[in-house]
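Taking it in order: structure first as structure tokens, then the write-up.
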Amino acid sequence: MTWKRPNPYVQDPRDVERFEENGFAVIRYIVPTVQGVKVNQLNWSAHAVRDGYWVDIHLSKADARSGDEAKLRSVLASASFSKKRQGTPAVKSTERRFPLPEHGAVVMTVPPAWSDQLSQPPDRLPPTIIFSPELGNAFRVMVTPLWPAKKDTPLPSDSSVRANVERSIEEVRSSAVESSIPVRELKRESVKGYYFSVTDRAPKQGEFKYLAQGTVVTGGLVVTFTVLSNDGSGKVEKDAVTMIGSLKHVQ
């Protein structure tokens with residue numbers, strides 16, 4: 001199931017192998033390039049199902065060399081399972097931390113049923129955090145924290161952020177069901193920005209029907225986000241907006 005719906009950055013994988021390791025089913029592969037940039041990234045995508053839970057461990061090493069295979073194997077070998085304690089309270093949203101190259105980290109409160117993957121391009125460029133359901137492909141949420149190219153460059157003004165979101169609306173207006181697409185404010189304790197949501201009039205097979213997209217400023221970062229789903233109830237969008245509202249930039 002995982003290999004049928006791989007991360008979109010997994011293009012032209014090489015040397016694909018499947019094997020068992022420490023109770024996990026593993027797909028091992030090399031990604032030669034990402035968006036035209038040579039990375040030679042070694043990947044281990046390991047999966048196990050225990051007591052109704054799917055455990056997903058993704059290990060990777062860019063510029064892979066001799067000896068890196070053993071390092072990934074040792075990390076996976078360190079994983080172990082234990083029985084859940086009786087009477088454990090229901091799991092609520094969890095705070096997760098995502099490192100940024102030389103720019104601290106972002107912290108978000110993420111729905112517990114959402115899995116995440118940090119897609120880090122080469123040359124220490126801003127990463128994209130990709131959220132998806134534990135099973136299936138019902139939605140995808142992509143969050144990209146951006147920092148100024150130079151330390152003395154100021155962050156965009158509130159009006160600039162809004163104008164950027166308005167331009168994004170115009171780009172999708174012709175394919176949207178809605179004739180009126182309002183700009184919505186997203187303002188929390190440490191986050192300020194705007195977003196919009198639309199319905200695709202005629203999504204192609206395999207594409208998503210609902211889109212929400214926006215930009216917020218928090219700490220020293222500009223954070224763009226995109227929510228793609230087939231959820232007509234709007235819950236995925238609501239959960240994603242709540243998650244973005246919890247963003248914090250920590251050094």
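The values are calculated or read from the model by the stated rules, or taken from the named source; none is laboratory data. Computed from a predicted model, the values in this text were never measured in an experiment. Note: ideal-geometry Cβ built from the backbone for every residue, glycine included; neighbour counts use all protein chains shown.
(1) β-branched (Val, Ile, Thr); (2) within 27 Å of residue 138 (Cα to Cα); (3) surrounded by 13 or more Cβ atoms within 10 Å (Cβ to Cβ): which one isn't true of residue 16, the others all being true?
So residue 16 meets the others, but not (3).
Given the stretch 148-251, what strands (runs of 3 or more DSSP E) lie entirely inside it while holding 1 or more residues that are among the aromatic types (Phe, Trp, Tyr) and surrounded by 16 or more Cβ atoms within 10 Å (Cβ to Cβ)?
Counting at least 1 such residues, we get 192-199, 210-218, 221-229.
Quick one: residue 112 ticks every box in (1) closer than 16 Å to residue 240 by Cα; (2) touching a residue at least 24 places away in the same chain (Cβ under 8 Å); (3) not aliphatic (A, V, I, L, M) bar one, so which box is it?
Only one criterion is unmet by residue 112, namely (2).
What number of residues in the stretch 3-38 are of a type in the set (Val, Ile, Thr) and under 22 Å from residue 74 (Cβ atoms)?
Number of matching residues: 5.
Could you please tell me which pairs satisfy a Cβ distance under 6 Å, a separation of 6+ or placement on different chains, a first residue in the stretch 228-241 that is in the same structural domain as residue 194 (by TED's automatic domain parsing), and a second residue that is assigned to a helix (DSSP H, G or I)?
229/236
Search the stretch 134-147 for residues being surrounded by 16 or more Cβ atoms within 10 Å (Cβ to Cβ) and not aliphatic (A, V, I, L, M), and hand back the single one that is nearest to residue 106 (Cα to Cα).
Within the stretch 134-147, the match that is nearest to residue 106 (Cα to Cα) is 145.
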